[in-house]
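Let me begin by presenting the structure, written as structure tokens, before commenting on it.
Just so you know, all these numbers are worked out from the coordinates, no wet-lab data involved. Just so we're clear, the structure is a prediction, and the values are computed from it rather than from any experiment. All Cβ positions, even for glycine, are placed from backbone atoms using ideal geometry, and neighbour counts span all protein chains on display.
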Amino acid sequence: MITIIEYIVDSPDSDQSVLDTTNIPLFHGLSVLSYDLCEMIAEQVRAQFADIYVRRPLKPRENPELIDVLRISHVAVRGERGPMLAAIEDPDRLHYSLRTALGTLHQGDHRASLFPGPGAQAKALVFDFDEQGTAGIQGQRLVMEQLDTASADGDYWLLLSVEDLANPRSDLASLPHVKVDLNQWSFIVGSTRIALSLQAWIRRQAERGHRSFSELRNPYSHMFAQLAKNEFADLDRVSVYWTADLVPRILESEPKELDRLLKHVLVVFEDRRVRRVVTSGRVLKIRSDDMVLYVTVSQLGRVLNLSLGERRPQADLSVYLDRMPVTTSQVAAALEKLP
């Protein structure tokens with residue numbers, strides 16, 4: 001199994017990097033699942049339970065891939081009252097932590113640690129949210145593991161343990177595990193909802209005969225709240241373009257085709273190393289099945305450009321000089337005088 005960043009192929013002779021996401025699985029409904037678990041935890045904390053233990057069966061309509069691909073039937077969360085009480089004081093941080101843990105299932109290496117091949121030993125994933133972090137349950141540890149044996153019906157459970165980082169309950173010395181580097185990740189909460197919104201905007205504008213649209217940053221935009229952080233902190237606008245030959249497909253195909261591509265884009269953007277490929281000035285070509293999208297940033301990182309079908313033309317200085325013949329002639333005259 002390989003990580004998302006290892007799918008990227010750089011072309012040394014061009015400014016383009018290619019990322020084929022076709023074989024990267026998509027797991028929908030992770031944010032909804034995390035929210036439900038948070039609410040169940042809050043109920044037990046309010047009920048003064050000494051130890052917290054909640055479990056939630058997965059629903060085929062919400063989490064089809066977790067059920068069909070990984071054969072997970074339930075997700076459970078446990079923890080002593082002290083760490084759980086501290087965690088639930090800021091539900092958004094707890095939700096982010098649970099979503100962070102579940103989101104690592106998109107990564108081939110982490111997924112293989114939890115669900116190895118036949119005869120191999122499963123390893124837990126450990127997430128340490130230290131006091132310096134800006135997201136997650138600060139001062140807490142989250143341990144996600146596959147339960148030792150599959151249930152009677154052949155399906156698996158995921159168990160997430162919330163622990164005090166200063167006084168953890170799990171003995172990592174005796175627990176096969178992998179520590180997840182949280183500095184490499186910036187998880188996008190509600191990526192399914194964002195992908196659906198983008199898809200709806202594209203279809204609506206295509207119906208009106210347009211071939212592009214832009215969304216400006218505003219304080220109430222969930223998409224910008226999730227995208228505009230870390231490497232994309234200066235983002236003010238998202239612009240989407242598509243070619244004329246794609247219009248029939250956009251309007252006539254199943255919405256899930258475009259949704260799959262956009263969801264793949266958001267999933268790979270959770271890996272901060274992928275974001276850095278774009279912010280370094282390279283063009284990132286993302287392929288999902290037979291659909292292609294080109295990603296660039298412009299205006300000093302303030303605009304994120306998504307171009308369906310073909311690269312968005314990049315104007316150089318000569319394009320602007322052509323509109324100013326007097327200035328162009330002055331530049332030419334000055335160049336002739338150079339030694």
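Annotation: the antiparallel percentage among DSSP beta bridges lying fully within the chain is about 65.
Mean-square fluctuations from a GNM of the chain, with a 10 angstrom spring cutoff on Cα atoms, peak among L293, L246, L37 at L246. For the residues Q121, Q107, Q226, a GNM of the chain with alpha-carbon springs under 10 Å puts the largest fluctuation on Q121. Full extension of the chain between A166 and E336 gives 54.1 nm of extra length, using 0.36 nm per residue less the Cα-Cα distance. In plain terms, the residue of V278, V326, V143 with the fewest other Cβ atoms within 10 Å comes first and the most crowded comes last, giving V326, V278, V143.
Comparing mean-square fluctuations of L70, L105, L227 from a GNM of the chain with C-alpha springs under 10 Å, the top value falls on L70.
Between S14 and D130, what is the FRET efficiency for a Förster distance of 51 Å, r being their Cβ-Cβ separation, to the nearest 0.05? Calculated value: 0.80. Taken about its Cα centre, the chain carries a charge dipole of about 740 debye when Lys and Arg each add +1 at the Cβ and Asp and Glu each add -1 at the Cβ.
In this label model, R287 and L300 are separated by 3.7 nm, measuring between points 7 Å along each Cα→Cβ vector. Over region 219-337, Cα pairs under 8 Å with separation of 6+ residues give a relative contact order of 26 percent. Among E89, E65, E336, sorting on how many other beta-carbon atoms sit within 10 Å of each Cβ, with the fewest leading, yields E336, E89, E65. Normalising by the residue count of the chain, find the relative contact order in percent from Cα pairs under 8 Å and 6+ residues apart. Here the relative contact order equals 16 percent.
Rounded to the nearest whole Hz, the Karplus-based 3J(HN,Hα) values (6.51 cos²θ - 1.76 cosθ + 1.60, θ = phi - 60°) of region 44-54 follow the sequence 6, 5, 5, 7, 6, 5, 6, 10, 9, 8, 10, with x at glycine and proline. Cβ-Cβ distance of E89 and D234, R₀ of 41 Å, FRET efficiency by 1/(1 + (r/R0)^6): the value works out to about 0.85. By the gyration tensor of its Cα atoms, with a ≥ b ≥ c the square roots of the eigenvalues, what is the shape of region 156-208: rounded for a/c under 1.5, prolate for a/b over b/c, or oblate? Prolate shape, in that a/c is at least 1.5 and a/b is the bigger ratio. Each helix, a run of at least 4 DSSP H residues, gives -39500 (n - 2.57); summed and divided by the residues of the chain, these come to -10500 deg cm²/dmol at 222 nm.
Based on the alpha-carbon gyration tensor of the chain and its eigenvalue square roots a ≥ b ≥ c, which shape applies: rounded if a/c is under 1.5, prolate if not and a/b is larger than b/c, or oblate? Prolate, because a/c is 1.5 or more and a/b exceeds b/c.
The residue list N167, P60, F127 was ranked by how far each Cα lies along the charge dipole of region 30-184 toward its positive end, using unit charges on Cβ atoms, and P60 comes out on top. Need one word for region 1-113: rounded, prolate or oblate. Basis is the Cα gyration tensor (sqrt eigenvalues a ≥ b ≥ c); a/c below 1.5 gives rounded, then a/b vs b/c decides. Since a/c reaches 1.5 and a/b is larger than b/c, the shape of region 1-113 is classed as prolate.
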